[in-house]
Protein chains: 2
Amino acid sequence: MVTKRQATIADVARRAGVSTATAGRVLGGYGYSSGEKRDLVLKAAEDLGYRPNQLARSLITGRTRTIGFVAGDIQSPFFAKILRGVSDVLEPKGFGLLITNSDETVEGEMESIRLLSEKQVDGVILSPCDVEEAAHLRKLVQTTPMVLIDRQVADLDVDSVGVDSVAAAEACVRRLIAEGHRRIGMVAELQFGPWTDIESFVRMVRTNPDGIGAIYPSWQRFMGYVRAHDACDLPLDLSLIARVNSYSTEDTKATVLRLLGHPDGPSVLFTADGLMTEGTMMAIFERGLRIPDDISLVAFDDLDWMSFIGPGIDSIGQPRRKMGEAAARMLIERIGGFDGPPRREKLPVRDNRRGSVCVLATGRD
Amino acid sequence: MVTKRQATIADVARRAGVSTATAGRVLGGYGYSSGEKRDLVLKAAEDLGYRPNQLARSLITGRTRTIGFVAGDIQSPFFAKILRGVSDVLEPKGFGLLITNSDETVEGEMESIRLLSEKQVDGVILSPCDVEEAAHLRKLVQTTPMVLIDRQVADLDVDSVGVDSVAAAEACVRRLIAEGHRRIGMVAELQFGPWTDIESFVRMVRTNPDGIGAIYPSWQRFMGYVRAHDACDLPLDLSLIARVNSYSTEDTKATVLRLLGHPDGPSVLFTADGLMTEGTMMAIFERGLRIPDDISLVAFDDLDWMSFIGPGIDSIGQPRRKMGEAAARMLIERIGGFDGPPRREKLPVRDNRRGSVCVLATGRD
DNA sequence: TTGCGATGTGAGAACGTTACCACATGTTCT
DNA sequence: AGAACATGTGGTAACGTTCTCACATCGCAA
């Protein structure tokens, strides 16, 4: 492995017979330069195969043209698609993209942020893993522009991108009720959150919804579920909630199997996100149930395979790529100096109907 | 947005009453330092919230502790999973990960490499989009360690990670033949490659296999398909090859639909990668065919949903995460100074049997 | 002619680290 | 006792850019 030394501005300047200042101006595209010297410098740079060293440039300009992305887990299709949107906006503008995983732990997130800020990124896009404990985020925003994605954090006034989970879930469950479903199961990981018991959360939703601060998307979707029941005067039956203990498909599958085993089980399942949906599919497959004949299904978050298995799965599709693009665009505006108030962008969801919901009744009774 | 100035080593040194050299030694963990001064410096650093500026450090040490990853398309599960493996190895060692997409074009790849090398990455993991045109890669390896993933490049002697696609495909097709299938369809994007007509490629495989240089995985899998036929004395029928014109699900679907429309069609389909499999599934779904009753299916590359749709889909699973880990490990060894001959690591594949192949006959005839 | 802005050039400082050297101490081995 | 060596410290030169000057020259209006 040969390690040839890269040519520097000084090398180019020497070869072109000009000062490093002049060579710098030509190659960096700033300040004045005459056509004559310009050609000399460009020729010399070409000959030497000169490549600017962004490190040195960044050190003095104070901007790296690199942004950081802290994902929960990059291998999940949710983050992967967002990432693609981010990089689509960044690449044409010459920005680099540094990624890390938080693995949904605060420690991982802090470590990620430490790494990114030591590398002097110009901005950070992050999906916070804790909606309350955010001292480290509060510290970060003092020095670096930040955009939150998917989730928000209490008392952290920064730009964010997401969807209106409460409204989308409510609309979805209302539709199920309208189509005659009375026993609607919900599959969600509701372990970590502001409430340890669901009853008191439901009470809060009914009595003082404004008092609910920043909560995870899963809780928001559950909130929509509750609201739809209340709006349609359908009594809540919390035994229909498959409350998954950990964020894993195995646990989800086990919990859903238990729910399906009940004598007076649900006629339809509403899953709160992609991973819940996968675990639910496993449980349905294992019990040999057919969709929608034996059980109906609607999923929050659309996944590739939902359109090509028979029948297709109904889903609420989040515009993941667009979310990434919006986050990147907002961040670049901030980096460019935009200093307006925090923007909370809510993107519209897509209502995918493919035939996984059995219509038990139509019209209004 | 407040922009507080970060504390520097000079600030810490002043506050601790020592020289910048001493402060640097303590904070950088190199050279000597007494316990007394150490405590002073650490206290001062703590007070000021000192964070080392990796830019300045990298400029003088010549190493950034950042590596670059050039993927075809990060949003595809193939690359997303690999990426996860890479970052799992990198993160504990304190390396950053800079990602770019080539979108499978040489221009995109060159642009990616330009960006990465200007940012002075210590090494690059790359899935080359062209197995022949590689002048830019040859130039890169002169200055930067590189590991190829999934594909190899002719005359480029660097470390690489992948699977033995030829052998895996051959074993898979042999099994189909053993189970009684005689008309085996293959779905693959074989547009770009060394051969424009398939006949001459087949001739080459039969007469001079060693003369075939570096080829894309799709071609390798097709090669395995040919070899299995030859080994089992099953005549090749090239009308069974769904040769997709572009790397898109829509095109794949259309091509497969055409194949399925033929009077004497295949009894089983063998797909060359994840995207081909998705397009094929769409075609099968559109025609209302049932797996495996109406048509059997085996896929190269395992996808999440294959295990939980009924019936499961048989697949050849690549250890994607392990591939990423291996690539990262090899790269770090090179960065650490390892200077042995290029290693071509072939990881074993997984043979997933789930019931998507109809057994037409057993035993050997 | 003088004044003045636009254009062009080079010397040298600056960015925040680590590398290198000189110069102190001790401590241990001949 | 003197040499050799590990330990500890500070000054200052790197690293490769851009930034800030000072200082030209030119054209043009007053």
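The values are calculated or read from the model by the stated rules, or taken from the named source; none is laboratory data. Here the structure is a predicted model, which is why all the values come from computation and not from measurement. FYI the Cβ positions are ideal-geometry reconstructions off the backbone, even for glycines, and counts take in every protein chain you see.
Could you list all residues from the stretch A:6-63 that are of a type in the set (Phe, Trp, Tyr) and within 12 Å of DNA strand C (Cβ to nearest atom)?
Here is the first cut: in the stretch A:6-63, the ones of a type in the set (Phe, Trp, Tyr) are A:30, A:32, A:50.
A:TYR30, A:TYR32, listed by residue number.
Report yes if A:SER218 is exposed (fewer than 13 other Cβ atoms within 10 Å of the Cβ) and under 20 Å from A:ASP150 (Cα atoms), otherwise no. Outline the logic, then answer.
Working: exposed (fewer than 13 other Cβ atoms within 10 Å of the Cβ): no; under 20 Å from A:ASP150 (Cα atoms): yes.
Spelling it out, it is not the case that A:SER218 is exposed (fewer than 13 other Cβ atoms within 10 Å of the Cβ) and under 20 Å from A:ASP150 (Cα atoms).
How many residues, within the stretch A:28-37, are surrounded by fewer than 17 Cβ atoms within 10 Å (Cβ to Cβ), in a helix (DSSP H, G or I) and more than 43 Å from the chain's Cα centre (by Cα)? So that I can check it myself, show each step before the final result.
Applying the first criterion (surrounded by fewer than 17 Cβ atoms within 10 Å (Cβ to Cβ)) to the stretch A:28-37 yields A:28-32, A:34-36.
Checking the rest, the ones that are also in a helix (DSSP H, G or I) come to A:28, A:35-36.
Cutting the leftovers down to more than 43 Å from the chain's Cα centre (by Cα) gives us A:35-36.
Going through the stretch A:28-37 one residue at a time, the tally reaches 2.
Is it the case that the stretch A:38-47 has a residue that's at the interface with another protein chain (Cβ under 8 Å from one of its Cβ atoms) and either of a type outside the set (Lys, Arg) or assigned to a helix (DSSP H, G or I) (or both)? Can you show your working first?
Filtering the stretch A:38-47 down to residues at the interface with another protein chain (Cβ under 8 Å from one of its Cβ atoms) leaves none.
No, the stretch A:38-47 contains no residue that is at the interface with another protein chain (Cβ under 8 Å from one of its Cβ atoms) and either of a type outside the set (Lys, Arg) or assigned to a helix (DSSP H, G or I) (or both).
Quick check on the stretch B:69-81: of everything there that is touching a Gly at 6+ places or on another chain (Cβ under 8 Å) and at the interface with chain A (Cβ under 9 Å from one of its Cβ atoms), which residue is surrounded by the most Cβ atoms within 10 Å (Cβ to Cβ)? Can you show your working first?
Initially, the stretch B:69-81 is screened for residues touching a Gly at 6+ places or on another chain (Cβ under 8 Å), giving B:76-79, B:81.
Those left that are additionally at the interface with chain A (Cβ under 9 Å from one of its Cβ atoms): B:76-77, B:79, B:81.
Numbers: B:SER76: 18, B:PRO77: 19, B:PHE79: 26, B:LYS81: 22.
Ranking the qualifying residues of the stretch B:69-81, first place goes to B:PHE79.
I'm trying to understand the selection: among the residues of the stretch B:206-217, which are outside any loop (DSSP other than H, G, I, E, B) and modelled with pLDDT of 90 or more? Reasoning before the result, please.
Step one: list which residues in the stretch B:206-217 are outside any loop (DSSP other than H, G, I, E, B), which gives B:206-207, B:209-211, B:217.
Result: B:ARG206, B:THR207, B:PRO217.
Could you give every pair whose Cβ atoms fall below 8 Å, whose first residue belongs to the stretch B:87-103 and is without any contact (Cβ under 8 Å) to a residue 40 or more places away in the chain, and whose second residue is among the charged types (D, E, K, R) and buried (at least 24 other Cβ atoms within 10 Å of the Cβ), counting only separations of at least 6 or pairs across chains?
Listed by first residue and then by second, the contacts come to B:SER102/B:GLU109.
When the residues of the stretch A:52-68 are narrowed to those that are surrounded by fewer than 20 Cβ atoms within 10 Å (Cβ to Cβ) and under 12 Å from A:VAL121 (Cα atoms), which ends up nearest to the other protein chains (Cβ to nearest Cβ)?
Across the stretch A:52-68, the extreme among qualifying residues is A:LEU59.
Quick test of your reading of the structure: B:GLY49 fulfils all but one of (1) surrounded by fewer than 19 Cβ atoms within 10 Å (Cβ to Cβ); (2) at pLDDT 95 or above. Name the failing condition by number.
Result: B:GLY49 passes all but (2).
Of all residues in the stretch B:47-79, which are closer than 15 Å to B:SER112 by Cα and among the β-branched types (Val, Ile, Thr)?
So in the stretch B:47-79, the residues closer than 15 Å to B:SER112 by Cα come out as B:66-74.
Selection gives B:THR66, B:ILE67, B:VAL70, B:ILE74.
From the set of residues in the stretch B:1-27 that are more than 12 Å from DNA strand D (Cβ to nearest atom) and loosely packed, with under 13 Cβ neighbours inside 10 Å, which is modelled with the lowest pLDDT?
If we take residues in the stretch B:1-27 being more than 12 Å from DNA strand D (Cβ to nearest atom) and loosely packed, with under 13 Cβ neighbours inside 10 Å, then B:VAL2 is modelled with the lowest pLDDT.
Given the conditions (1) under 19 Å from A:VAL153 (Cβ atoms); (2) under 23 Å from the mean Cα position of the chain (by Cα); (3) not acidic (Asp, Glu), and given that A:GLY224 satisfies all but one, which numbered condition is not satisfied?
Result: A:GLY224 passes all but (1).
Sort out which residues of the stretch A:54-77 are within 16 Å of DNA strand D (Cβ to nearest atom), under 18 Å from B:GLY96 (Cα atoms) and not in a helix (DSSP H, G or I), and write them in order of number.
Passing the criteria: A:ARG63, A:THR64, A:ARG65, A:THR66.
Go through the stretch B:28-53 residue by residue and tally those that are more than 8 Å from DNA strand D (Cβ to nearest atom), without any contact (Cβ under 8 Å) to a residue 24 or more places away in the chain and among the aromatic types (Phe, Trp, Tyr). Can you show your working first?
Here is the first cut: in the stretch B:28-53, the residues more than 8 Å from DNA strand D (Cβ to nearest atom) are B:28-30, B:39-53.
Subsequent filtering for residues that are without any contact (Cβ under 8 Å) to a residue 24 or more places away in the chain retains B:29-30, B:39, B:42, B:46.
Subsequent filtering for residues that are among the aromatic types (Phe, Trp, Tyr) retains B:30.
Final tally of qualifying residues: 1.
State which residue is nearest to B:VAL89 (Cα to Cα) when the search covers only the stretch A:83-93 and only residues that are of a type outside the set (D, E, K, R) and more than 9 Å from every other protein chain (Cβ to nearest Cβ). Please lay out each step first, then the result.
Within the stretch A:83-93, the first condition is being of a type outside the set (D, E, K, R), and the residues that meet it are A:83, A:85-87, A:89-90, A:92.
Cutting the leftovers down to more than 9 Å from every other protein chain (Cβ to nearest Cβ) gives us A:86, A:89-90, A:92.
Numbers: A:VAL86: 24, A:VAL89: 28, A:LEU90: 26, A:PRO92: 29 Å.
Applying the filter and picking the extreme gives A:VAL86.
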